[in-house]
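Comments concern the structure below.
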Amino acid sequence: MSDPQSPLQQADLEWQDGVPSSTLFDDIYFNRAGGVAETRHVFLNANALEQRFSEASGAPFVVAETGFGTGLNFLCCRALWLQQAPAEQQLHYISCEKYPLSAADLRQALSNFSEFSDGAKQLLKSYPQPVAGAYTLVFDAGRILLTLLFGDALETLPRLDARVDTWFLDGFAPARNPELWNEQLFSEIARLSRPGSTFATFTAAGVVRRGLQEVGFEVIKRPGFGRKREMLSGRMTLAPFDATPADTPIWFQRPAAAITDEPIVVIGAGIAGASTAYALASQGYRVIVLERHAAPAMEGSGNPQGALYAKLPASPTLHSHFHLSGLIHTSALLATLREEHPELGQCCGVLQLALTDKEAERQQQVIEQAAYPDSLVRAVDAATASELAGVTTGEGGLFFPTAGWIAPARLCELLLSHPNIECHYNTPVETLERRSGRWHLGNSGFSSEQVVVCCASQAVRFDPLSQLPLKPIRGQTSQASAPAGLPPLKTVVCGEGYISPPLNGEYCFGASFVLHDSNDQVRQEEHQHNLDILQRTLPKLGQALQQQSLEGKVAFRCSTPDYLPLAGAVADHDAFIETYAKLRDDARWPFTARPPLQRGLFVNVGHGSKGLLSGPICGQLIAALISGAPLPLAADQVRILNPARFMVKNLIRKTL
């Protein structure tokens, strides 16, 4: 399998009367006689989606597609969902694309369909850069999720964990794209299909009909669209099934889905808690958020501004792919919310300056490896950096044009305003105990079958979570009025620290990084530290801010040994060690027992300084694990976030 995060070849198009055609496959993207009518005939009607959408209930309805192309099928499906489905239900649309269109080509193609202008606008605002990976985008205030699997479907589908209700088998015709339509594809479709799942496809080719029949589909021929005499549709007849990707270790198996009408309790109202509550509420769950402070985002999520970007390595890794997926997800969420709340943030770009020889060498490697497109990150010299920033930088660096900043506290407020969320402030939770099949939350007066703990390092105060490897790291940011004599900063600038463009006439910059210190008081020496690193980054602005009076905020980053979050179901510590004790002797032992979990208990913690990147996508992950919905990340990304990963590592190392 190729690297999960590598540059992709974008679609090379020819245009004929406004219709795009692939030069590689010598085939059109939609029917000249009526692309919308064809989609409705082949995919919506043949799968009986009008009726099925109107009857949708419970877990999200899942549509999967083998070729995203121009996104026309998605936009048609979205429109029907918004028209027919109950307002509390969610659609999760998954689509593969090996040769994604450029944003410019996508805009031109969709300009043909004015009836979908609202959906196209949302898509264009959040459309990912052409880097292989899984990107989950938010549409229509969470009523619809779109997961784009950029890369070869024969590589991305095996890393997908989903239960699909309906398949749109699109892509170019088997005669023009024979590499796609093969036994491996049909086997993956079968693995991911629910019993009773349906499919439809424009083709009636024998290789497709026989391939689907061999993996368990009942296949029928139907009249095709326009001049196409026949097409295929059908239903999966086999049961049961297991959609877990084949290479998932048994100790990382996902929990059983929760079928519950009662509220799910989320502890904590920072970025992680608000994102988790919003993701659950968008799936129709009622959510109760318990927060010990008088308002949301009073701790680590309470800075006036936070930088939204991913520091990408020269050679992509699973870690960097996760961070890029998180960046795309949060950016899509920001694009949706900024429509009505422009004060929430800006995609103004981020400059990462090369202030040392070591950093300059690292950045040079990033450019030379060419793992990322220029539309995601590009090198700029000092003059260009200064022009982008609006102030003199002194050094060049890397520019991330689609990144920017977010006001974290405002983001939390907006996410928590969902009508399915009920917030209780000034409500500390002292203990967490399971009795009679329910979790009882100390002196709060609440109990629930399902609880998600999102209170950062405070999580280890609860007995069931006391073994989690979390550590708090003190950080202090500084705020100062923008100097009158200098033009305002136009982009986020990162060096040893970060500074964002002024918000309401004030700069926010920092931050200090202090281990083994639980003091929460603002310190002048840390203000000076922040000023010193700012002056090395932006000399003129740093010097001007030396003369300003400073305000500050102290918060504690919650970190883990590998600097990745803990997001998922919580294992029963002692039972897990007993179940997989053989790992001490043989890491390849063929275990058969599923992981012993603390039923109904989940965590979303350990985001360090990257909460804006990782908090929202991890909230979506938690919601999917609880409901049984498709996971918003590839399976190998989900595994590196599993809260039990340190127990597995320590058993193998014989330190546990």
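Inside the stretch 343-398, can you point out the residues that are in a strand (DSSP E or B) and without any contact (Cβ under 8 Å) to a residue 60 or more places away in the chain? Those that are in a strand (DSSP E or B) and without any contact (Cβ under 8 Å) to a residue 60 or more places away in the chain: 378, 379, 380, 397, 398. A Cβ distance below 8 Å, combined with a sequence gap of six or more or placement on separate chains, defines the contacts here; from the stretch 618-635, residues that are in contact (Cβ under 8 Å) with a residue 24 or more places away in the chain and not assigned by TED's automatic domain parsing to the domain that holds residue 94 reach residues that are aromatic (Phe, Trp, Tyr) and surrounded by fewer than 24 Cβ atoms within 10 Å (Cβ to Cβ) in the pairs 623/285; 626/285; 627/285.
In this entry, residue 515 passes the filter for residues that are touching a strand residue (DSSP E or B) at 6+ places or on another chain (Cβ under 9 Å), surrounded by fewer than 17 Cβ atoms within 10 Å (Cβ to Cβ) and not assigned by TED's automatic domain parsing to the domain that holds residue 293.
Residues checked against (1) surrounded by fewer than 17 Cβ atoms within 10 Å (Cβ to Cβ); (2) in contact with a helix residue (DSSP H, G or I) (Cβ under 7 Å, 6 or more places away or on another chain):
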| site | (1), (2) |
| --- | --- |
| 23 | yes, no |
| 37 | yes, no |
| 56 | no, no |
| 59 | no, yes |
| 90 | no, yes |
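Residue 336 falls short on exactly one of the conditions (1) of a type in the set (Ser, Thr, Tyr); (2) under 30 Å from residue 59 (Cβ atoms); (3) free of Cβ contacts under 8 Å to residues at least 12 places away in the same chain, and that condition is (3).
Pairs meeting the criteria (first residue in the stretch 534-545 and in the same structural domain as residue 360 (by TED's automatic domain parsing), second residue basic (Lys, Arg), beta carbons under 8 Å, at least 6 apart or on different chains) are 542/536.
When the stretch 40-69 is filtered for residues that are closer than 24 Å to residue 117 by Cβ and at pLDDT below 95, the ones remaining, listed by number, are 67, 69. Here the condition is being at pLDDT 95 or above and either buried (at least 16 other Cβ atoms within 10 Å of the Cβ) or over 25 Å from residue 621 (Cα atoms) (or both); of 353, 312, it holds for 353 alone.
Among the residues of the stretch 41-62, is any without any contact (Cβ under 8 Å) to a residue 60 or more places away in the chain, touching an Asp or Glu at 6+ places or on another chain (Cβ under 9 Å) and not in a loop (DSSP other than H, G, I, E, B)? Yes, there is a match, as at least one residue in the stretch 41-62 is without any contact (Cβ under 8 Å) to a residue 60 or more places away in the chain, touching an Asp or Glu at 6+ places or on another chain (Cβ under 9 Å) and not in a loop (DSSP other than H, G, I, E, B). The single residue among 91, 110, 124 that is free of Cβ contacts under 8 Å to residues at least 40 places away in the same chain and either of a type outside the set (Gly, Ala, Ser) or not assigned by TED's automatic domain parsing to the domain that holds residue 60 (or both) turns out to be 124. How many residues does the stretch 83-142 hold that are of a type in the set (A, V, I, L, M, F, W, C) and either over 22 Å from the mean Cα position of the chain (by Cα) or in a helix (DSSP H, G or I) (or both)? Residues that pass the stated criteria total 13. Looking across 557, 599, 594, one residue alone is in contact (Cβ under 8 Å) with a residue 12 or more places away in the chain and in a loop (DSSP other than H, G, I, E, B). It is 594.
Of the residues examined, residue 290 is not one that is out of contact with any His (no Cβ under 7 Å at 6 or more places or on another chain) and touching a residue at least 60 places away in the same chain (Cβ under 8 Å).
The values are calculated or read from the model by the stated rules, or taken from the named source; none is laboratory data. Predicted, not measured: the structure shown is a model, and the values here were computed from it. Reconstructed Cβ throughout: ideal geometry from the backbone, glycine too, with neighbour counts over all protein chains shown.
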